[in-house]
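The values are calculated or read from the model by the stated rules, or taken from the named source; none is laboratory data. Because the structure is a prediction, the values reported are computed rather than measured. Cβ atoms come from the backbone with ideal geometry, glycine included; neighbour counts cover every protein chain shown. Ligands, DNA and RNA are stripped out before the accessible areas are found, and what is left, the full protein with its side chains, is counted by its heavy atoms. Shrake-Rupley method; radii C 1.70, N 1.55, O 1.52, S 1.80 Å.
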Amino acid sequence: MDYRKVALFIVVLVVFLSILLALKPYLLEKRSELTYEGEKILLPEPNLRGEMSVEEAIAKRKSIRTYKNQPLKLEDLSQLLWACQGITHDKKRSAPSAGATYPFEIFAVVGSVERLKPGIYHYNPFEHSITLVKEGDFRKELQKAALDQKWVGDAAIDIILVAFYERTTKVYGERGIRYVHMEAGHIGQNIYLQATALNLGTVAIGAFYDEEVAEIIGTNGAPLYIFPVGRV
């Protein structure tokens, strides 16, 4: 046996595996992207400095279920979606994810946003854009699927977190289910704090018929959370 060749093979293998491990988050990111054929809208760049400190946002954060009948700005929608899953540094996202597997896709049921037609939109974090999945105002349908909670229908928009468990479980097995649920909490708190900083109101909704919500937005993933957002 030529031990030098064996040693060289082991060194090459270790180097290859190290490179693959380093690239894994980026490879998984690209595979996680869904594509749609509808109209694509590039969102305004998110602000990285706000008027409210994170400490003040934490202190003021609360669940709000009553909203004014006023539209959000497109900049508000941009900021909220960036807080959900936007790209931050080193191609990471705004919410932590186990092994950078990023199991969530973000949908916005838009009813009243300036310069934006009502419809269901899918968020693309890589381009910071939204793509129209279905045109029309689906807030009342979503309200019905959410056990007729009126704030779902009254909100200017409803943000829906949709999980694709297999992205995480194929890396971590059954334990990955827990990691997905942890990540939903991370994203949800980001939405709360960003809405508070924008002087908007939101509330976390977990009571709804999963299959009906999935059918409304047109996904084969698992809806876990609905966040109505409106002016207060």
Take the residues in the range 195-204 that are part of a helix (DSSP H, G or I) and of a type outside the set (Val, Ile, Thr), then tell me which one is most open to solvent (accessible area, probe 1.4 Å). Ala197
Applying the selection to the range 48-87, what residues are within 26 Å of Ala163 (Cα to Cα), assigned to a loop (DSSP other than H, G, I, E, B) and open to solvent by less than 60 Å² (accessible area, probe 1.4 Å)? Ser63, Ile64, Gly86
So is His122 in a loop (DSSP other than H, G, I, E, B) and not aliphatic (A, V, I, L, M) or not? no
Test: Val162 is of a type in the set (Val, Ile, Thr) and farther than 25 Å from Tyr67 by Cα: no
Output yes when any residue across the range 19-37 is modelled with pLDDT under 95, surrounded by fewer than 16 Cβ atoms within 10 Å (Cβ to Cβ) and acidic (Asp, Glu), and no when none is. yes
I'm told Ala156 meets every condition in (1) out of contact with any strand residue (DSSP E or B) (no Cβ under 9 Å at 6 or more places or on another chain); (2) of a type outside the set (Val, Ile, Thr); (3) in contact (Cβ under 8 Å) with a residue 60 or more places away in the chain except one. Can you identify the failing condition by its number? (1)
Is it fair to say Ala207 is open to solvent by less than 10 Å² (accessible area, probe 1.4 Å), modelled with pLDDT of 95 or more and out of contact with any Cys (no Cβ under 8 Å at 6 or more places or on another chain)? no
If I filter the range 152-171 for residues that are open to solvent by 50 Å² or more (accessible area, probe 1.4 Å), within 21 Å of Ser97 (Cβ to Cβ) and in contact with a helix residue (DSSP H, G or I) (Cβ under 7 Å, 6 or more places away or on another chain), do I get at least one hit? yes
Matching residues, the range 89-114, being open to solvent by 10 Å² or more (accessible area, probe 1.4 Å), in contact with a Phe, Trp or Tyr (Cβ under 9 Å, 6 or more places away or on another chain) and polar (S, T, N, Q): Ser94, Ser97
Flag if Lys117 is touching an Asp or Glu at 6+ places or on another chain (Cβ under 7 Å), open to solvent by 10 Å² or more (accessible area, probe 1.4 Å) and at pLDDT below 95: no
Being open to solvent by less than 30 Å² (accessible area, probe 1.4 Å) and either over 21 Å from Trp82 (Cα atoms) or touching a helix residue (DSSP H, G or I) at 6+ places or on another chain (Cβ under 7 Å) (or both) is the filter here, so list the residues in the range 131-151 that pass it. Gly136, Leu142, Gln143, Ala145, Ala146
